[in-house]
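Let me begin by presenting the structure, written as structure tokens, before commenting on it.
Just so it is clear, none of the values below were taken in a lab; they were calculated from the coordinates. Please read all numbers here as calculations on a predicted model, not as lab measurements. As a convention, Cβ positions derive from the backbone with ideal geometry for all residues, glycine included, and neighbour counts pool all protein chains shown.
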Amino acid sequence: MNKTWLVARREFLSRVQKKTFLLTTILLPLVIFGFYGLIIYFTVKSTDDFKVAVVDKANIFGGKIAGKEDISFVFVKDESTESLKIKVAKKEFDGYVIIDSNYNASSNDSLVFVSGKTVGLMTRSDIQKRINNALENQRLLSSLNISKKTLDSLQRGNEIKFSTLDGKAEDDKKASASLIVGYISGFLIYIILFIYGTMVMRGVMEEKTTRIAEVIISSVKPFQLMMGKITGIGAVGLVQFLIWICLTLFLRVLLPLLIPGMAEVTQPGAAQALETAKSSGALNQIMSSLGGLNIGLIVGCFVFYFLGGYLLYSSLFAAVGSVVNEDPQEAQSLLLPITMPIIFSIVIMQSAVNNPTGGLAVFGSLFPLTSPIVMMARIPFGVPGTVPYWQLILSMALLVGGFLSTTWLSAKIYRVGILMYGKKVSWKEMSKWAFRKS
């Protein structure tokens, strides 16, 4: 155990003390947020109000078209086409629409929008949508003598409340919060398994190609060397991951202070959807529902499944790294059986968040190769409600058993592969090493 600790300490310090570690750990988030900040800054600076002049000779719109902050409709009278062109050229207006006196709102006649510059696709869609909504209101009033507001109230659906057999109400907002937390937890473990597992494999390949492993093996058992590398590289990854989280949270708070307009320049339509959610109270209800989740249990299980999944897959990645020489394509061909269960876990997770009690979700949360991702997607929905205690305990026990089994088999492969050079090894031959009697 002492030799395993020494190997882990060496792996940790040798990587943390490198300049590349500091550059990739600290500069990478800064560079990403720097580009992110520049994009937001130029987006804010380039965002201008779009003003549309409307000459409504037929009085179709009644002097009003609903707009939003960045697009406004201004009704003007006694303006000719020539005078409007001059005002657009002087940038008093960005464009204009003229409705002739004989225009019929019930017809399918098209309207012409004239602008002094190329109109973006999103702006064009917004203008067309708002004008069409105003025409639709006019058609309802003229044909059915009914307003759009009245029609919307007639089409309004009734709320359906869900509850279980024991009379416990199921809150939609809490279900949404559970789905969000489940997705985030599952994807975090998915990313961690790939990144840190690949780090372990590359570390083993590096020592094998440089022949350092031959010197270390003379004083350390192969199993101790493998476990030391897994523990040390995993600790490096954990430190790096924690630093990234702290830097991301710090920069996420700092950017809105440096660029006041960044809150309004999310993805197209995202700001409007966010404002709608805030005004309806849905966003606040979802955020408050997060407080109703068992955060302590979720965090505890996340740490357990992160460590269990990392140890299980890292031993497999280490086994592959021990048999690979200097050909990267050889490593890629051997990694396919290892990466497929991780990818398959994401597929099962998509089903688990929609049906957390389904048979596929239960199987995925119990099977050791998929349980770190799938079970973390189910736990936020409730323990012991959605996930019975026996399933959680059995899943943890199977994950521990899976880790011990894969570590034992991988150690046997590692012992032979780490000292083998110049030969391409297949999974068939690796399986013979794993199940051969010592």
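Taking each residue as 0.36 nm, the span from residue 340 to residue 76 lengthens on full extension beyond its C-alpha to C-alpha distance by 88.6 nm. Computed from backbone phi with θ = phi - 60° and the Karplus coefficients 6.51, -1.76 and 1.60, the 3J(HN,Hα) list for the range 360-373 is 5, 5, 5, 4, x, 7, 9, 5, x, 6, 10, 5, x, 8 Hz; x is used for glycine and proline. Packing, taken as the mean count of other beta carbons within 10 Å per residue, orders the peptides 311-320, 335-344, 73-82, 198-207 from highest to lowest as 311-320, 198-207, 335-344, 73-82. For the range 56-62, the Karplus equation 6.51 cos²θ - 1.76 cosθ + 1.60, evaluated at θ = phi - 60°, returns couplings of 9, 6, 8, 6, 6, 8, x Hz by residue, with Gly and Pro reported as x. This ranking places 295, 180 by how few other beta-carbon atoms lie within 10 Å of each, fewest first, which gives 295, 180.
Shape index of the range 192-252: Rg/Rh, with Rg the Cα radius of gyration and Rh the Kirkwood radius from the inverse mean 1/r over Cα pairs, equals 1.13.
Arranged from fewest to most other beta-carbon atoms within 10 Å of their beta carbon, 16, 323, 88 become 16, 88, 323. Extension gain, residue 350 to residue 389: 0.36 nm times the residue separation minus the Cα-Cα distance gives 11.8 nm. Per-residue Cβ neighbour counts within 10 Å put 253, 400 in the sequence 253, 400, beginning with the fewest. Amide H contacts for residue 71 (H built 1.01 Å from N in the peptide plane; partners 5 or more residues away or on another chain; cut-off under 5 Å): 50.
Kindly flag which residue pairs out of 51/85; 3/221; 77/129; 91/117; 87/117 have an alpha-carbon separation exceeding 20 Å in this structure. Table pairs above 20 Å Cα-Cα are 77/129.
Backbone phi angles across the range 215-228, fed through the Karplus curve with coefficients 6.51, -1.76 and 1.60 (θ = phi - 60°), yield HN-Hα couplings of 6, 5, 4, 5, 10, 10, 5, x, 5, 5, 5, 5, 5, x Hz in residue order; Gly and Pro are listed as x.
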